[in-house]
Amino acid sequence: MVDVAKRVEMMLRDPEESLIVLSGCGTSGRIAFLLVTSFNEMVKAPKQKQICSYIIAGGDRAMLTSQEAPEDDPALGARMLDKICAGKKHVLFVGISCGMSAPFVAGQLDFCLKHLDVFTPVLLGFNPVHMARSEPMQDCSFHFKDVAERMIAEQRHKKAFVLNPVLGAEAISGSSRMKGGSATKIILESILLAGHEAAFRGKRVTPECISAWITASEMVYETTYSHSDELAALIHQAGESLQMKAHVYYIGWQTLGIIGLTDASECVPTFGADFDDIRGFINNGFREMKNKEGDLSFLGPEFVIGHKDFVDTILPSLSQNDVMLFLFTVNDDLHEVTALADQVRRRTSNLHAIAHDLEKFTIPVIVMVSHLQRWELSTKWCLNAISTGAHVLKGKVYMNYMIDLRVTNSKLYRRAINILQRFTGCSKGECERALLRAIYSTDDLSEDMTSADVWKHTDGESTVNKFKFLVVPTALVMIQCGCTLAEARHHLDCHPVIRDAVSACFSSSKTKNFIKPLDSVEAEP
Ligand code: F1P
């Protein structure tokens with residue numbers, strides 16, 4: 001981290017010729033965007049040139065909706081990187097993939113490794129290199145693990161860097177949006193801020209200053225969870241709303257608005273939620289986001305994100321069962337916050353706030369920025385707890401597994417098979433066949449279906465089911481009860497709560513299978 005922070009310092013000292021790029025897929029890309037937005041805001045303060053940029057697989061729309069297919073495309077990743085770096089002499093590239101698995105990022109790192117005269121590649125992930133993904137990638141001669149090993153070889157000459165602390169399992173298996181996302185933020189923020197302090201405030205980058213940033217995050221953690229009673233009450237409230245088919249709305253200001261949008265949009269792929277179960281809104285909409293592609297509201301209702309939009313479209317039909325959660329800090333326009341709260345209060349009293357305060361108001365800009373970043377982290381932890389807890393209460397999680405995941409790329413396809421194996425104890429082949437039956441909505445798989453590449457199965461266009469959720473639960477019931485597709489669907493229809501459907505199927509199946517111990521199936525990226 002010290003070496004990488006020193007590169008950041010170098011880039012900041014030579015802004016005309018340099019670029020720092022943070023890139024990732026899904027949550028990793030969203031965190032990249034958030035970090036870049038905050039960092040550029042900070043660099044803007046003393047009138048310095050903005051030299052930080054982000055790439056997210058699938059483009060800006062992936063910030064609000066999941067676009068997993070582009071994650072599988074290494075060539076696309078390399079092309080996008082090449083394009084934004086045109087004309088730059090020094091590029092510090094940070095490729096983020098929590099599971100050390102995303103082909104999109106592997107393609108970018110490979111591109112950097114071929115142009116080490118310009119690029120210093122950094123890989124950030126949370127698996128040991130020997131556990132990086134070794135599955136073949138689309139139209140590609142190498143896999144992720146190859147690239148990670150080449151990175152390690154270059155690290156010996158300080159031409160590339162691998163940052164891969166092992167964090168342990170996520171609370172909900174299969175989603176890196178919680179621990180992985182937070183650790184990404186803490187690590188990269190520490191690096192960027194240490195580099196910034198060295199370039200503009202005459203400090204040296206040392207292991208001590210890096211660990212000071214990390215310790216500061218630990219304090220944020222302690223402060224946040226010292227409010228566990230209030231958090232538990234919010235989880236309970238949000239869980240009740242979702243169970244009543246009502247909604248949770250996050251109304252955020254500035255980057256806390258981005259944290260809210262991110263948390264809300266991730267509930268769709270993580271829990272099979274509807275996009276309007278939990279929704280985020282930000283003051284001034286896309287103007288506040290400052291994303292590269294600008295206003296995307298023409299893309300559909302998922303992209304309607306301004307407070308004004310909330311007032312125009314949601315507020316008139318807001319009910320007492322909906323949870324309203326305001327996210328702001330003392331730096332926001334508190335008159336604006338109060339005015340909106342008054343409007344909301346006329347319709348519901350189910351109104352809550354996560355508000356961040358300062359002890360002292362007279363502080364230099366740099367400290368204020370780091371306050372903002374700590375508030376973001378705290379908000380992320382609160383919202384992750386609320387949305388996850390609410391979905392657990394709604395029955396969307398079975399034994400800490402997100403069993404209703406969408407099977408929209410090769411990683412998620414493998415994960416789905418892995419989950420089926422773990423719960424049924426059946427062979428990989430049997431589980432894959434059941435999954436394909438659920439994906440293609442048929443009991444009779446054709447030769448074409450079984451022999452197709454994984455990316456054919458995960459491409460919504462070529463399959464019948466189009467990933468309208470319940471794919472994995474359907475496959476699970478088919479295997480466990482030895483039944484047809486129609487019978488499995490009927491079983492699920494009879495149990496609107498997925499966890500109940502799966503539990504009922506396990507308790508009624510004659511030959512009870514027990515969940516295999518964690519180490520008896522392939523490690524999951
Ligand atoms: C990227 C990612 C996750 C998402 C899902 C699909 O993962 O988009 O953010 O939750 O698991 O993959 P990674 O490359 O950071 O491991």
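The values are calculated or read from the model by the stated rules, or taken from the named source; none is laboratory data. Everything numeric in this text was worked out from a predicted model, so none of it was measured. Don't worry about glycine lacking a Cβ; one is built from the backbone with ideal geometry, like all the others, and counts go over all protein chains shown. Heads up: the accessible areas ignore ligands, DNA and RNA and are worked out on the full protein's heavy atoms, side chains in. Shrake-Rupley method; radii C 1.70, N 1.55, O 1.52, S 1.80 Å.
A few points about this structure:
- Among the candidates ASP459, ASP453, ASP404, the residue that is among the charged types (D, E, K, R), more than 16 Å from the ligand (Cβ to nearest atom) and either closer than 20 Å to CYS505 by Cβ or open to solvent by 10 Å² or more (accessible area, probe 1.4 Å) (or both) is uniquely ASP453.
- Selection status of ILE251, within 22 Å of ARG177 (Cα to Cα), part of a strand (DSSP E or B) and either open to solvent by 20 Å² or more (accessible area, probe 1.4 Å) or in contact with a strand residue (DSSP E or B) (Cβ under 6 Å, 6 or more places away or on another chain) (or both): yes
- Check on SER23, hydroxyl-bearing (Ser, Thr, Tyr) and within 18 Å of LYS185 (Cβ to Cβ): yes
- Criterion violated by LEU436 - all others in (1) of a type in the set (A, V, I, L, M, F, W, C); (2) open to solvent by 40 Å² or more (accessible area, probe 1.4 Å); (3) at pLDDT 90 or above satisfied: (2)
- Answer residue from segment 1-60, given it is of a type in the set (A, V, I, L, M, F, W, C) and in a loop (DSSP other than H, G, I, E, B) and is farthest from LYS290 (Cα to Cα) among those: MET1
- Within the option set LYS308, LYS290, being at pLDDT below 95 and within 27 Å of the chain's Cα centre (by Cα) holds for one residue only, LYS290.
- Residue match in segment 45-60 (condition: within 10 Å of the ligand (Cβ to nearest atom), open to solvent by less than 10 Å² (accessible area, probe 1.4 Å) and either in the same structural domain as LEU22 (by TED's automatic domain parsing) or of a type in the set (Gly, Ala, Ser) (or both)): yes
- Taking the criterion of being open to solvent by less than 10 Å² (accessible area, probe 1.4 Å) and within 16 Å of LEU261 (Cβ to Cβ), the residues of segment 304-322 that qualify are ILE305, GLY306, PHE310.
- Taken over segment 85-140, residues that are among the charged types (D, E, K, R) and within 16 Å of the ligand (Cβ to nearest atom) amount to 3.
- Failed condition for LEU81, given (1) open to solvent by 30 Å² or more (accessible area, probe 1.4 Å); (2) within 16 Å of the ligand (Cβ to nearest atom): (1)
- Checked against the criteria, LEU299 counts as aliphatic (A, V, I, L, M) and surrounded by fewer than 17 Cβ atoms within 10 Å (Cβ to Cβ).
The rows are residues; the columns are (1) within 15 Å of the ligand (Cβ to nearest atom); (2) surrounded by fewer than 20 Cβ atoms within 10 Å (Cβ to Cβ); (3) under 22 Å from VAL105 (Cα atoms).
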site: LYS179; (1), (2), (3): yes, yes, yes
site: ILE187; (1), (2), (3): yes, no, yes
site: PHE200; (1), (2), (3): no, yes, no
site: ALA216; (1), (2), (3): no, yes, no
site: TYR221; (1), (2), (3): no, yes, no
site: SER226; (1), (2), (3): no, yes, no
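- Exclusive hit being out of contact with any strand residue (DSSP E or B) (no Cβ under 9 Å at 6 or more places or on another chain) and not aromatic (Phe, Trp, Tyr), set GLU293, GLU302, GLU288: GLU293
- Subset of segment 254-285 [open to solvent by 20 Å² or more (accessible area, probe 1.4 Å), assigned to a helix (DSSP H, G or I) and either farther than 30 Å from THR474 by Cβ or among the hydroxyl-bearing types (Ser, Thr, Tyr) (or both)]: GLN254, THR262
- Test: residue in segment 29-36 that is touching a helix residue (DSSP H, G or I) at 6+ places or on another chain (Cβ under 7 Å) and either without any contact (Cβ under 8 Å) to a residue 12 or more places away in the chain or closer than 26 Å to VAL454 by Cα (or both): yes
- The single residue among PHE104, PHE142 that is in contact (Cβ under 8 Å) with a residue 24 or more places away in the chain and surrounded by fewer than 24 Cβ atoms within 10 Å (Cβ to Cβ) turns out to be PHE142.
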